[in-house]
Ligand code: FES
C-alpha cells in the first residue's frame with residue numbers, strides 16, 4: 001500500500017502532506033520541501049535555508065527524502081532517531097507525510113495560515 005502511495009508521479013512531482021495543518025502541496029523534482037512550501041506562501045519557519053539553523057525542522061512520519069547536507073552536525077542523535085529532518089535540505093523521494101510544530105509555523109506574522117492552507121490544497125498547475 002505505502003509503496004504506491006509514496007512514489008513520485010511520472011512528472012517527477014511528489015506530494016507533501018503536513019500535519020497537523022492538513023496542508024498538501026506538490027514538490028517539483030529537484031525542489032526541497034521548504035522551497036515548495038514557501039512558493040505556496042505557507043508560513044513554514046525558516047532562516048538560513050542552508051541547513052545550519054534548524055528552524056525549518058519537521059518530523060518525517062512516512063515516506064523518504066534525499067538530504068542535500070549531513071544534518072548530524074546540527075540535529076541531536078535523539079532528533080535523528082525520531083526522523084527529524086530539515087525541510088530546506090530535504091527533497092522527497094516520493095510523496096511524504098511530515099509533522100511541523102504548530103507553534104513554529106505561526107512565528108511569521110506576515111503570513112495568513114488560513115489563506116495559505118486553502119491555497120495549499122490546490123494542485124500545482
Ligand atoms: S532554514 Fe535553517 S536549517 Fe533550514
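The values are calculated or read from the model by the stated rules, or taken from the named source; none is laboratory data. Keep in mind that this is a model prediction, so the values were computed, not measured. Cβ coordinates were reconstructed from backbone atoms using ideal geometry, including for glycine residues, and neighbour counts include every protein chain displayed.
Give the stretch 52-72 a look and list any residue that's over 19 Å from residue 102 (Cα atoms) and more than 16 Å from the ligand (Cβ to nearest atom), or say none.
Result: 63, 64.
I need the strands (runs of 3 or more DSSP E) fully contained in the stretch 67-116, keeping only those with at least 1 residues that are farther than 18 Å from residue 22 by Cα, at pLDDT 80 or above and in contact with a strand residue (DSSP E or B) (Cβ under 7 Å, 6 or more places away or on another chain).
84-86, 90-92
One line per residue, one yes/no per condition, for (1) closer than 10 Å to residue 87 by Cβ; (2) outside any loop (DSSP other than H, G, I, E, B); (3) within 10 Å of the ligand (Cβ to nearest atom); (4) touching a strand residue (DSSP E or B) at 6+ places or on another chain (Cβ under 9 Å):
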| residue | (1), (2), (3), (4) |
| --- | --- |
| 18 | yes, yes, no, yes |
| 21 | no, no, no, no |
| 31 | no, no, no, yes |
| 36 | yes, yes, no, yes |
| 46 | yes, no, yes, no |
| 50 | no, no, yes, no |
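With (1) modelled with pLDDT under 95; (2) outside any helix (DSSP H, G or I); (3) more than 13 Å from the ligand (Cβ to nearest atom); (4) surrounded by 14 or more Cβ atoms within 10 Å (Cβ to Cβ) as the list, and residue 12 as the residue in question, which single condition is left unmet?
In the conditions (1) modelled with pLDDT under 95; (2) outside any helix (DSSP H, G or I); (3) more than 13 Å from the ligand (Cβ to nearest atom); (4) surrounded by 14 or more Cβ atoms within 10 Å (Cβ to Cβ), residue 12 misses (4) alone.
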